[in-house]
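Written below as structure tokens is the structure these notes are about.
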Amino acid sequence: MRTRIYKEVFFEASHRLMHYTGKCFRLHGHQWRAEVWIDGPVDGRTGIVIDYNCIKDVIQQFDHQVILNEADPMVPCLERFHPVITTPGDPTSELLADRMAKMIDAEAARRGLDARVTRIRVWESASCYAECTYEDQ
């Protein structure tokens, strides 16, 4: 039997979209929200699919961080003062959702768990989110 669990995590982070024409071209911050659905078997000993704190810990790596495209000329300037998380493209909610899902899957595998993200939503604001689904994988 496989079971689905859900975890919601909030984090604060700044980003900019250097290939976007509009306000989001400028460095700005959000209170982000990630919603994660994970499927897997319930462990016979612990009774859980994956520790909710594992999901939280992966997403919290983005908390109070600056997230920029790895090609952004701001990266070397800001790195003199603060670590920068870089992404292979503009750090949109779409890109961050997929990256977080892969990070959570990797952490589950590292722990020897047969648990996988089946859906993830990353909210950039109270009215905007990107959702990736992986149920067919």
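The values are calculated or read from the model by the stated rules, or taken from the named source; none is laboratory data. Computed from a predicted structure; not experimentally measured. Don't worry about glycine lacking a Cβ; one is built from the backbone with ideal geometry, like all the others, and counts go over all protein chains shown.
Considering every residue within the range 45-57, establish whether at least one is of a type outside the set (F, W, Y), touching a Lys or Arg at 6+ places or on another chain (Cβ under 9 Å) and farther than 18 Å from A106 by Cβ. No, there is no match, as no residue in the range 45-57 is of a type outside the set (F, W, Y), touching a Lys or Arg at 6+ places or on another chain (Cβ under 9 Å) and farther than 18 Å from A106 by Cβ.
Conditions tested, residue by residue: (1) in contact with a Pro (Cβ under 7 Å, 6 or more places away or on another chain); (2) acidic (D, E); (3) surrounded by fewer than 20 Cβ atoms within 10 Å (Cβ to Cβ).
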{"site": "D57", "(1), (2), (3)": "no, yes, yes"}
{"site": "D63", "(1), (2), (3)": "no, yes, yes"}
{"site": "C77", "(1), (2), (3)": "no, no, yes"}
{"site": "R80", "(1), (2), (3)": "no, no, yes"}
{"site": "T87", "(1), (2), (3)": "no, no, yes"}
{"site": "D90", "(1), (2), (3)": "no, yes, no"}
{"site": "K102", "(1), (2), (3)": "no, no, yes"}
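Just one residue in the set L78, L96 is assigned to a helix (DSSP H, G or I), more than 17 Å from C132 (Cα to Cα), hydrophobic (A, V, I, L, M, F, W, C) and touching a strand residue (DSSP E or B) at 6+ places or on another chain (Cβ under 8 Å); that residue is L78. Scanning the range 80-128 for residues that are among the basic types (K, R) and within 10 Å of the chain's Cα centre (by Cα) turns up R99, K102, R121.
Among residues of the range 20-40 that are surrounded by 12 or more Cβ atoms within 10 Å (Cβ to Cβ) and at pLDDT below 95, those with a beta-carbon under 9 Å from a residue that is assigned to a strand (DSSP E or B) and not aromatic (F, W, Y) at least six positions away or on a different chain give the pairs C24/H15.
Each residue in the range 23-52 was checked for being part of a strand (DSSP E or B), more than 18 Å from V84 (Cα to Cα) and out of contact with any helix residue (DSSP H, G or I) (no Cβ under 8 Å at 6 or more places or on another chain), and 5 of them qualify. On the basis of being at pLDDT 95 or above and touching a His at 6+ places or on another chain (Cβ under 8 Å), does V58 make the cut? Considered against the rule, which asks whether it is at pLDDT 95 or above and touching a His at 6+ places or on another chain (Cβ under 8 Å), V58 comes out as no.
Being among the β-branched types (V, I, T) and outside any loop (DSSP other than H, G, I, E, B) is the filter here; which residues of the range 1-22 pass it?
Within the range 1-22, the subset among the β-branched types (V, I, T) is 3, 5, 9, 21.
T3, I5, V9 - these are the residues of the range 1-22 that are among the β-branched types (V, I, T) and outside any loop (DSSP other than H, G, I, E, B).
Any chance the range 75-86 includes a residue that's touching an Asp or Glu at 6+ places or on another chain (Cβ under 7 Å) and basic (K, R)? If you could, list the steps in order and put the result at the bottom.
Just the residues of the range 75-86 that are touching an Asp or Glu at 6+ places or on another chain (Cβ under 7 Å), to begin with: 86.
Next cut, basic (K, R) only: none.
Within the range 75-86 (the criterion being touching an Asp or Glu at 6+ places or on another chain (Cβ under 7 Å) and basic (K, R)), the answer is no, since none of the residues qualifies.
Number of residues in the range 106-137 that are surrounded by fewer than 18 Cβ atoms within 10 Å (Cβ to Cβ) and either touching a helix residue (DSSP H, G or I) at 6+ places or on another chain (Cβ under 6 Å) or not in a strand (DSSP E or B) (or both): the value is 14.
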